[in-house]
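The structure under discussion is supplied below as structure tokens; questions concerning it will follow.
Bear in mind these aren't lab numbers, they're just calculated from the coordinates by the rules spelled out. All values reported here derive from a predicted model rather than from experimental measurement. Note that each Cβ is placed from the backbone with ideal geometry, even for glycine, and that neighbours are counted across all protein chains shown.
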Amino acid sequence: MKKSTILMILGVGAFTACNSPEGNVENDSLSDATADTAVAYQDERGAIEADGVQVKDVGEDFWAGVDWDAPVVDDPEMKNAGVEMRSNNEYNIYTMDDRLLFDTDKAQLRSEGEQKLQEIVNEIKDLPQNGQIRIFGHADARASNEYNKQLSAERARAVQNWLQNQGGINANRLSIEAMGETEPRATNETARGRQLNRRVAVVVVTREQ
């Protein structure tokens, strides 16, 4: 048997042991994971450590404290793309009306929505490349809170996947948060208010880590 074939068999055996469904492998832990197997755990920090990427975790308190009323930036390219941009000395917020991205009650990106996201990617690539990025999905209050949270999560995930797979953004930087109806920008009693509340916001950390 050739040496390369032996190594391949050993490699397959090691991977199988690491993911034993019986859970009886002594070293089955994130500390022993490679970059590939860390992704299988769906643990963002594990993937970052395994890849050796220097992306600093800003912590959940940071995300909970995002100021949605940060100063508006007069950026012609963002305006033309239909994207509202806000910024302070810690992060940029790129907010899009859900109609720009999705059909009603859907979580599949429209082609027009992909064009908007590409404009955001162009901006992100000019920013520090070790800043975390979180995609927030927001909904109005017409359906149940459970439904609104699920839909906003699916939409945020669709944007995350596009930023990673089509936009070329490092997956280790990306995370999502489903806000549902909890952070309205306007009243839910009017059609205009509900439309303002249905949105996706991409928050990019810009401060030096």
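At a temperature of 25 °C and a viscosity of 0.890 mPa s, determine how fast region 58-209 diffuses translationally according to Stokes-Einstein, using the Kirkwood radius over alpha-carbon pairs as Rh; express D in µm²/s, rounded to the nearest whole number.
Value of D from the Cα-based Kirkwood radius: 159 µm²/s.
Each label point is 7 Å from the Cα along the Cα-to-Cβ direction; what then is the distance between the points at Ala143 and Ala64, in nm?
About 2.7 nm separates the two model spin labels.
Which trypsin sites (Lys or Arg not before Pro) in region 106-168 pass both tests, a DSSP loop state and at most 15 other beta-carbon atoms within 10 Å?
Lys106, Arg110, Lys125, Arg142
For the pairs Lys125/Lys149; Lys56/Lys79; Lys106/Lys149, note any where the Cα-Cα span goes beyond 24 Å.
Result: Lys125/Lys149; Lys56/Lys79 exceed 24 Å.
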